[in-house]
Amino acid sequence: MVDMLNILIADEDPGPANLLKESCASIDGIQILGIARSKDMLMARINNVVPDLILLDPTSGLGGIEIIESIKKIHPDLNIIITYHPDHHDSDILISALEMGVYECIEKPIDAKSRQYNEFRLHFLTITGLLRSRKRFSNKAPAHQYNNRFFMPGKTPDLPVKKSVFSSEKAQIVVIASSTGGPEILSRIFSILPGTLKVPVLLVQHIPAAMTQYFAKSLNQKSELDVFEAAHGDEILPGKVYIAPGGQHMSVSKPDDQGKRTILLNRNPPVNSVRPSADVLFKSVAESYSGQILAIVLTGMGDDGKKGVAALKSKKCICISQTAETCVVYGMPRAVDEAGLSDESLDPLDITQKIVLMAQ
């Protein structure tokens with residue numbers, strides 16, 4: 001028997017709301033609980049039947065960003081996907097929503113023949129497949145066994161028990177890969193990291209192109225470090241955090257005669273179906289650096305970063321993966337775990353401490 005995924009649509013605009021309903025209804029295993037066109041209607045429906053997922057456009061009629069806070073207070077683990085108009089949206093609100101723990105931000109379709117309609121449906125198929133697997137797994141597993149609703153089911157790899165990794169050699173650079181669920185985790189990490197790091201930090205976060213600069217701005221406001229969206233030709237300097245722009249691969253140059261390295265950006269085809277790709281960044285770092293490298297793989301779908309970590313392992317590299325229990329999607333960390341490439345699996349706070357240990 002198919003485990004039905006109960007979905008509630010919250011959108012005050014009837015046209016896009018009906019397109020979302022049509023698109024969702026065409027996918028097997030999904031049940032539409034209805035459409036809420038106001039904040040009061042949304043809260044009333046949630047109080048009556050808790051959905052597995054809400055598709056929410058946080059417009060003023062639905063309470064703006066505050067509606068997410070209201071929902072999280074009542075149901076902290078309720079899955080929320082923000083749907084936004086491609087031409088009319090507030091990127092600051094979308095970034096705030098991601099940092100508050102919403103699952104994804106996706107462009108909503110504006111008509112049945114639009115690019116957004118097909119892209120939304122394909123992306124949504126992946127997400128709902130993961131959520132249905134999670135629901136099926138949580139229904140069968142003992143209640144005490146998995147107390148984090150974000151844990152993704154799957155075969156648990158038979159990994160060797162590894163002791164805490166300590167390297168007396170400081171890192172020359174820190175590289176981070178992150179995807180679904182990453183903005184919330186990164187917000188936590190960078191709000192704690194001190195401004196005294198002595199190495200550069202390069203970050204690939206899978207995020208829509210229009211949102212990268214706002215994400216960088218938000219992290220910069222929370223952090224003692226200098227966080228910004230990377231530009232082609234930027235010199236790579238200690239204590240700086242370079243975020244790969246959405247829609248562009250980021251890599252590093254070979255050192256020049258003075259040992260200076262710079263950021264390189266390109267629009268080559270996606271790798272692992274994403275651009276920017278962590279594999280592209282990690283492989284370039286492996287070719288450019290000869291000293292100790294700290295690689296961190298955080299929550300996300302797919303396996304982007306796995307091949308890059310393998311390349312880094314040919315040099316001096318310690319790889320830290322995020323624990324399954326703290327991931328929104330245990331995909332990217334699982335890939336490096338199962339490949340035997342992770343030296344240690346840590347929760348976000350311990351990851352932060354590891355960065356300080358190796359980079360301060």
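The values are calculated or read from the model by the stated rules, or taken from the named source; none is laboratory data. Everything numeric here is computed off the predicted structure, so don't read it as measured data. Virtual Cβ from ideal backbone geometry, glycine too; neighbours counted across all protein chains shown.
Which is out of contact with any Asp or Glu (no Cβ under 9 Å at 6 or more places or on another chain), under 26 Å from residue 356 (Cβ atoms), surrounded by 16 or more Cβ atoms within 10 Å (Cβ to Cβ) and of a type in the set (Gly, Ala, Ser), of 286, 244?
Numbers: 244 fails: out of contact with any Asp or Glu (no Cβ under 9 Å at 6 or more places or on another chain).
Of 286, 244, the one residue that is out of contact with any Asp or Glu (no Cβ under 9 Å at 6 or more places or on another chain), under 26 Å from residue 356 (Cβ atoms), surrounded by 16 or more Cβ atoms within 10 Å (Cβ to Cβ) and of a type in the set (Gly, Ala, Ser) is 286.
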All positions within the stretch 120-154 that are farther than 16 Å from residue 80 by Cα, modelled with pLDDT under 85 and assigned to a helix (DSSP H, G or I): 133, 136, 137, 138, 139, 140
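Name the residues in the stretch 271-293 that are assigned to a loop (DSSP other than H, G, I, E, B) and under 20 Å from residue 190 (Cβ atoms), would you?
Going residue by residue through the stretch 271-293, those that are assigned to a loop (DSSP other than H, G, I, E, B) are 272-273, 275-277, 289-292.
Hit for the stretch 271-293 is 276, nothing else.
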When both residues are 6+ apart or on different chains and their Cβ atoms are under 9 Å apart, which pairs have a first residue that lies in the stretch 274-298 and is farther than 27 Å from residue 360 by Cβ and assigned by TED's automatic domain parsing to the domain that holds residue 209, and a second that is assigned to a helix (DSSP H, G or I) and among the basic types (Lys, Arg)? 279/306; 279/307
Which members of the stretch 44-60 meet the condition of being surrounded by fewer than 18 Cβ atoms within 10 Å (Cβ to Cβ) and within 21 Å of residue 16 (Cβ to Cβ)? 60
If residue 298 satisfies every condition in (1) more than 17 Å from residue 177 (Cβ to Cβ); (2) of a type outside the set (Lys, Arg); (3) modelled with pLDDT of 95 or more but one, which is the exception? (1)
How many residues does the stretch 247-261 hold that are surrounded by fewer than 17 Cβ atoms within 10 Å (Cβ to Cβ) and touching a residue at least 24 places away in the same chain (Cβ under 8 Å)? 5
Answer from 125, 98 - the residue that is under 19 Å from the mean Cα position of the chain (by Cα) and under 18 Å from residue 6 (Cβ atoms): 125
Of the conditions (1) surrounded by 18 or more Cβ atoms within 10 Å (Cβ to Cβ); (2) at positive phi, residue 64 clears all except one; give me its number. (1)
